[in-house]
1. Here are Glu144, Glu209: which of them is surrounded by 18 or more Cβ atoms within 10 Å (Cβ to Cβ) and more than 25 Å from Thr44 (Cα to Cα)?
2. Output the qualifying pairs, or none if there are none: Cβ atoms under 8 angstrom, residues six or more apart or on different chains, first residue in the range 167-195 and more than 17 Å from Val138 (Cβ to Cβ) and in contact (Cβ under 8 Å) with a residue 60 or more places away in the chain, second residue open to solvent by 20 Å² or more (accessible area, probe 1.4 Å) and assigned to a helix (DSSP H, G or I).
3. Taking interchain pairs and intrachain pairs at least six residues apart, which have beta carbon atoms under 9 angstrom, with the first residue in the range 126-140 and closer than 18 Å to Met203 by Cβ and in contact (Cβ under 8 Å) with a residue 60 or more places away in the chain and the second of a type outside the set (D, E, K, R) and open to solvent by less than 60 Å² (accessible area, probe 1.4 Å)?
4. How do the pairs read when you match residues in the range 232-252 that are modelled with pLDDT under 75 with residues anywhere that are in a helix (DSSP H, G or I) and surrounded by 12 or more Cβ atoms within 10 Å (Cβ to Cβ), using Cβ under 8 Å and keeping only pairs 6 or more apart or on different chains?
5. Would you confirm whether any residue within the range 17-37 is over 19 Å from Thr236 (Cα atoms) and assigned to a loop (DSSP other than H, G, I, E, B)?
6. For the range 68-79, how many residues meet the condition of being touching a Gly at 6+ places or on another chain (Cβ under 9 Å) and open to solvent by 50 Å² or more (accessible area, probe 1.4 Å)?
7. Only one residue in Arg65, Arg82 is surrounded by fewer than 15 Cβ atoms within 10 Å (Cβ to Cβ) and at negative phi, so which one is that?
8. Does Val224 satisfy the criteria of being part of a strand (DSSP E or B), open to solvent by 10 Å² or more (accessible area, probe 1.4 Å) and closer than 13 Å to Lys42 by Cα?
Amino acid sequence: MAMLEVKNLSISFGGLKAVDDFHITIEKGQLYGLIGPNGAGKTTVFNLLTGVYKPDSGSIELDGRNITGKKTIDINQAGVARTFQNIRLFKDLSVLDNVKVGLHNHHPYSTLEGILRMPRYFQVEKAMNEQALELLKVFDLDQEADFKASNLPYGKQRKLEIARALATEPKLLLLDEPAAGMNPNETKELMDTIGFVQEHFDMTILLIEHDMKLVSGICEKLTVLNFGQVLTEGNTSDVLNNPQVIKAYLGE
């Protein structure tokens with residue numbers, strides 16, 4: 001059974017088709033790339049997958065469960081986490097507390113237990129601190145655990161956003177142009193980290209990018225999106241050698 005199965009997904013805005021008959025199948029543990037130029041509809045697809053938009057037609061199944069049109073919070077609880085092209089952190093919170101936000105769904109305590117600082121509150125907080133620090137170590141951020149998130153360098157803010165998403169223990173991680181705004185060294189380090197996350201956590205990842213050369217080194221399969229429609233899809237090597245793709249995206 002596929003981890004993500006999307007069929008005939010479509011949505012229009014003002015009578016214009018933003019996404020038209022989109023489809024994709026991602027197996028458990030795959031690192032899959034969704035590529036295309038700016039305005040191709042990639043982020044709209046993510047917004048459909050995460051409940052920001054409700055599709056006009058089509059279906060979305062996560063690990064065999066239909067999540068089409070459900071609310072964002074329900075989709076997150078079903079196992080979908082995402083990052084954004086424009087980083088969205090709680091910038092006034094510490095690095096550690098940003099990750100702990102993602103852990104609260106799995107380590108709940110009651111409002112009364114929190115207000116009265118009952119034993120369970122301290123047990124849960126201790127467990128979350130330990131788990132958050134372990135995640136931060138994966139991203140080499142444990143030494144900055146007490147830093148305010150806004151004081152991290154740009155590249156480390158990107159990593160923190162991914163760490164927070166992983167804290168929700170997702171089945172599927174959606175990364176929306178995570179390398180945007182990074183220099184080449186930061187980009188290489190981030191791509192290495194994403195590859196490590198896939199292997200270390202046995203994570204299924206869908207990565208949005210407009211730069212085909214960037215994702216071609218780490219993604220097993222690619223879907224190319226153009227004007228809201230699938231131009232081509234398949235193994236990375238086959239997509240790279242597709243004449244339509246070469247002409248439209250590599251300028252060759």
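1. From the options Glu144, Glu209, the qualifying one is Glu144.
2. Short answer, once both residue conditions are applied: Asp176/Thr43.
3. Val138/Ala163; Val138/Leu166; Val138/Thr193; Val138/Val197
4. What qualifies is Val245/Met212; Val245/Val239; Ile246/Leu240; Tyr249/Met212; Leu250/Met212; Glu252/Ile246.
5. Within the range 17-37 (the criterion being over 19 Å from Thr236 (Cα atoms) and assigned to a loop (DSSP other than H, G, I, E, B)), the answer is no, since none of the residues qualifies.
6. Counting residues in the range 68-79 that are touching a Gly at 6+ places or on another chain (Cβ under 9 Å) and open to solvent by 50 Å² or more (accessible area, probe 1.4 Å) gives 5.
7. Arg65
8. Spelling it out, it is not the case that Val224 is part of a strand (DSSP E or B), open to solvent by 10 Å² or more (accessible area, probe 1.4 Å) and closer than 13 Å to Lys42 by Cα.
The values are calculated or read from the model by the stated rules, or taken from the named source; none is laboratory data. Fair warning: this is a prediction, and the values are worked out from it, not measured in the lab. Note that we place each Cβ from the backbone using ideal geometry, even for glycine, and neighbour counts take in every protein chain shown. These accessible areas exclude ligands, DNA and RNA; they are computed on the full protein's heavy atoms, side chains included. Shrake-Rupley method; radii C 1.70, N 1.55, O 1.52, S 1.80 Å.
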